[in-house]
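Structure, as structure tokens:
The values are calculated or read from the model by the stated rules, or taken from the named source; none is laboratory data. What you see is a predicted model, and the numbers here were worked out from it, not measured in a lab. Using ideal geometry, Cβ is built from the backbone for each residue, glycine included, and neighbour counts are taken over all protein chains shown.
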Amino acid sequence: MATVKFLGAAQEVTGSCHMIESPELGRVLLDCGMHQGGKAAKRLPKEYFEFAPASIKAVVLSHAHLDHSGMLPKLVHEGFSGVIHATQATAELLEVMLLDSVNIYLSDLERSNRRRARKGKKPLEPAYTEKDVLKVLKLCQPHAYGAIFDVAANATVTFHDAGHILGSAIVEFCIQEKGKSKTLVFSGDLGNKSAVLMNDPTVLTKADIVLMEGTYGDRNHRPIEDTIEQLRTVIKDTEQRGGNIMIPAFAVGRTQEVLFYLGQLYHQGELKNWQVILDSPMAIEVSKVYDHWFNQLDKQELNQVSPLARSVLKDFIPQLLLTASPQDSMAINKINKGALIIAGSGMCTGGRIRHHFKQRIWDSRNTIIFCGFQAQGTLGRILVDGQKHIKIFGEDYLVKANIETLGGFSAHAGQAELMEWVANFKGSPRIMLVHGESIALDVLSHKLWTDKNIEAEVAIQNQCIAF
């Protein structure tokens, strides 16, 4: 009999990983994500797989975000050699995401080992290397939305558009067992219907088991119109103070959405005194991938900016400054006011945004705008929660910059959208809630029961259920 085991993102929002297993199927992973929060050099030595990586037959990947894909190189390093199934766009994004991630990790590890050497401690060995990333890319097998493909002799998978980021997928997993067909649907991360570049998540109606994310299971997003008005107000207020704006943004999805809305303000003449800067080599490369798959984006929304739009980077803000090199990034420090800086990482766990914080977080003229979920333990969450004393690169900083949160920009479905999506399933499938903090999932479970008469369980780490 097939089983499903929850190995990650059970009552947390990072580290997505679930295993489907049966004697005929073998072992297949849904996602192989990294836990986020803190430096990878400190975190990865403490992380281990609950299984032998060599025993995994295949990985079915919902999308390219690191909390869903980031442990793939470690999986390969420890013996996995099976197929990694992903959508076509996800396979292309993985190259950018994983190569950037390994470079940051190895740089952090090098710094940690220098400190250990000064203390007479042995160096830490890397959990994986760039060679492992290159092997991951070779193992990837891309598939189009709607195409049915085999993961084993008795199991097929179909990817459907999840509307979260480019290439994001809802996984429909069908297995034949003892003459019967059984279907598991894994939502991956479901998109926010208000997200301008993405199509709405595909509606499915048939399943025996549904694994649904619940990142925002305890609340709905602010209407996008209110969010844009808040952004407009923040920009005006910061301009009056003679300050700068820093936006930590995920390179995949969030950056492109933010550029779209800033493009609207630009064409309305409201960014005349601002220099918009995309200070993220990875986001620049990812935006090129978005351009490659431009036909998969939401054409109706894109026409609001330009009916002839063909490029995320060029069409949204013609005067956008791209700073790929470290020298160009450091030159931003010389701008006294009017710099609107978009940089990674989205939860401030690394990347160039921390360097900009060093230069500006202690100045009350400046503003930090958060436009996405901040997981527990991340610097972003610490700032959103209002902490005034923080450490960056080992130094103490007083937080005087204004902290703003724009909820309407989230790439995740809100509570009402999650409930609407799962209510389409017929025949009372078993519903397991994953990828959410425990409070959010408890609220969502209760709300589904009281409002929709739908019973939903909150998955527990290492819990195993019959498929």
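Among the candidates Asp200, Asp132, Asp161, Asp208, the residue that is within 30 Å of Tyr261 (Cα to Cα) and in contact with a Lys or Arg (Cβ under 9 Å, 6 or more places away or on another chain) is uniquely Asp200. Counting the residues of the range 372-411 that are within 26 Å of Asp108 (Cα to Cα) and not acidic (Asp, Glu) gives 24. Go through the residues of the range 169-187 one by one and say whether even a single one is more than 30 Å from Met19 (Cβ to Cβ), of a type in the set (Val, Ile, Thr) and surrounded by fewer than 24 Cβ atoms within 10 Å (Cβ to Cβ). No, because not a single residue in the range 169-187 is more than 30 Å from Met19 (Cβ to Cβ), of a type in the set (Val, Ile, Thr) and surrounded by fewer than 24 Cβ atoms within 10 Å (Cβ to Cβ).
When the range 251-304 is filtered for residues that are of a type in the set (S, T, N, Q) and either assigned to a loop (DSSP other than H, G, I, E, B) or under 22 Å from Pro326 (Cβ atoms) (or both), the ones remaining, listed by number, are Thr255, Gln268, Asn273, Gln275, Ser280, Ser287, Asn303, Gln304.
Of the residues making up the range 66-82, at least one is in contact with a strand residue (DSSP E or B) (Cβ under 6 Å, 6 or more places away or on another chain), modelled with pLDDT of 95 or more and either of a type outside the set (Asp, Glu) or assigned by TED's automatic domain parsing to the domain that holds Ile284 (or both).
When Ala249, Ala207 are checked against the criterion of being under 30 Å from Ala10 (Cα atoms), at pLDDT below 95 and either touching a Phe, Trp or Tyr at 6+ places or on another chain (Cβ under 9 Å) or surrounded by 24 or more Cβ atoms within 10 Å (Cβ to Cβ) (or both), Ala249 stands alone in meeting it. Inside the range 52-65, residues that are part of a helix (DSSP H, G or I) and either out of contact with any strand residue (DSSP E or B) (no Cβ under 8 Å at 6 or more places or on another chain) or of a type in the set (D, E, K, R) (or both) make up a count of 2. If only residues of the range 389-426 that are part of a loop (DSSP other than H, G, I, E, B) and modelled with pLDDT under 90 are counted, the one that is surrounded by the fewest Cβ atoms within 10 Å (Cβ to Cβ) is Gly394. A search for C-beta distances below 8 Å between a residue of the range 109-130 that is without any contact (Cβ under 8 Å) to a residue 12 or more places away in the chain and any residue that is surrounded by 12 or more Cβ atoms within 10 Å (Cβ to Cβ) and basic (Lys, Arg), counting only pairs 6+ apart in sequence or on different chains, returns Lys122/Arg116; Pro123/Arg116. Given the structure, is Met246 part of a strand (DSSP E or B) and either closer than 18 Å to Tyr290 by Cβ or touching a residue at least 40 places away in the same chain (Cβ under 8 Å) (or both)? Here the answer is yes, as Met246 does meet what is asked. For the range 88-165, the strands (runs of 3 or more DSSP E) that sit wholly inside it and include 2 or more residues that are within 30 Å of Gln176 (Cα to Cα) and of a type outside the set (A, V, I, L, M, F, W, C) are 140-143, 155-161.
Here Lys447 fulfils each of the conditions (1) outside the structural domain of Ser168 (by TED's automatic domain parsing); (2) not in a strand (DSSP E or B) apart from (1).
Rundown of residues vs (1) surrounded by 14 or more Cβ atoms within 10 Å (Cβ to Cβ); (2) over 17 Å from the mean Cα position of the chain (by Cα); (3) of a type outside the set (Ser, Thr, Tyr), yes/no style:
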residue: Gly79; (1), (2), (3): no, yes, yes
residue: Leu94; (1), (2), (3): yes, no, yes
residue: Val102; (1), (2), (3): yes, no, yes
residue: Leu106; (1), (2), (3): yes, yes, yes
residue: Ser112; (1), (2), (3): yes, yes, no
residue: Val136; (1), (2), (3): yes, yes, yes
residue: Leu139; (1), (2), (3): yes, yes, yes
residue: Ala144; (1), (2), (3): no, yes, yes
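Within the set Asp208, Asp237, the sole residue that is touching a Pro at 6+ places or on another chain (Cβ under 8 Å) and of a type in the set (Asp, Glu) turns out to be Asp208.
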